[in-house]
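The values are calculated or read from the model by the stated rules, or taken from the named source; none is laboratory data. As the structure is a computational prediction, the values presented were derived from the model and not from experiment. A quick note on method: Cβ atoms are made from the backbone with ideal geometry, for glycine too, and the neighbour counts reach across all protein chains shown. What goes into the accessible areas is simple: the full protein's heavy atoms, side chains included, and nothing from ligands, DNA or RNA. Shrake-Rupley method; radii C 1.70, N 1.55, O 1.52, S 1.80 Å.
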Amino acid sequence: MATPDPDRVHDYSFDPVLAARFVNRLAVGLGLVLLVVVALTVVLDIGPALVSAVALFVGVGTVTGSHLVRRRPWVVRVDDRGYQVRFVRSAGVKVAPWRDVADVGVQRIQGEPCVVLGLRDGRRTIIPAALLSPGPETLLADIEDRLVDRR
């Protein structure tokens, strides 16, 4: 099969608001860990080395989280060959060629809208719509175009 046309490779990344919430929670959690370690160091009269190590860990964690928000890694990649899904633990099938895709649509799963790709063998790929930027409508249109092109 020919290599995919770079103009037809589309990435769908994390919604920026969702990513910012994640980094905010990460920073608060790491800050609380640092606070607990400082308190334990004072109460137990442990040297400052432990606080320094935890502070370094907190700093690296916060910078890494912030970098991920700025970089906005892709969650779904769609090209002429098929699709790939990353970072979605419960996605089901994470990689499949278009010839294996029977249908695509939006379904509510546990009350949340999800893009669901049904495969010919009965397996599915489930992508929570709230994760995606641009939204699920753009992904659906992109996939439907590729399924039409396949025929």
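Observations
- The candidate values are [x] 8.8; [y] 9.3; [z] 11.9; the one derived from this structure for mean projected area of the Cα convex hull in nm² carries the label [z].
- Charge dipole of the chain about the Cα centre (unit charges at C-beta), most positive-ward option of H67, A20, V54: V54
- Relative to the current alpha-carbon distance between R89 and V51, full extension at 0.36 nm per residue lengthens the span by 10.3 nm.
- Pairwise label distance in nanometres, R72 with V17, each label 7 Å out on the Cα-Cβ vector: 1.4 nm
- Under the span-like rule (Cα at least 18 Å along the axis, Kyte-Doolittle mean at least 1.6), DSSP H helices of the chain: 16-44
- Over region 73-151, Cα pairs under 8 Å with separation of 6+ residues give a relative contact order of 24 percent.
- Helix-only CD estimate at 222 nm, as mean residue ellipticity for the chain, using -39500 (n - 2.57) per DSSP H run (n ≥ 4): -16000 deg cm²/dmol
- Placed amide H near K94: partners under 5 Å, 5+ positions off or other chain: none
- The amide H of V104, built 1.01 Å from its N in the peptide plane, has G118 as neighbours under 5 Å, considering only residues 5 or more places off or on other chains.
- For S133, the shell of other residues with beta-carbons less than 15 Å away shows a net charge of +2, using +1 for Lys and Arg and -1 for Asp and Glu.
- Diffusion coefficient of region 95-151 by Stokes-Einstein, Kirkwood radius over Cα pairs, 4 °C, 1.567 mPa s: 111 µm²/s.
- Note on R124 and L40: the model spin-label points, each 7 Å out from Cα along the C-beta direction, lie 4.3 nm apart.
- Charge dipole magnitude, Cβ of K and R +1, D and E -1 - the chain, Cα centre, debye nearest 20: 280 debye
- Ranked from largest, the principal axis spans of the Cα set of region 52-111 equal 55, 31, 17 Å.
- In the context of the full protein assembly, S90 retains an accessible surface of approximately 90 Å², using a probe radius of 1.4 Å and ignoring ligands and nucleic acids.
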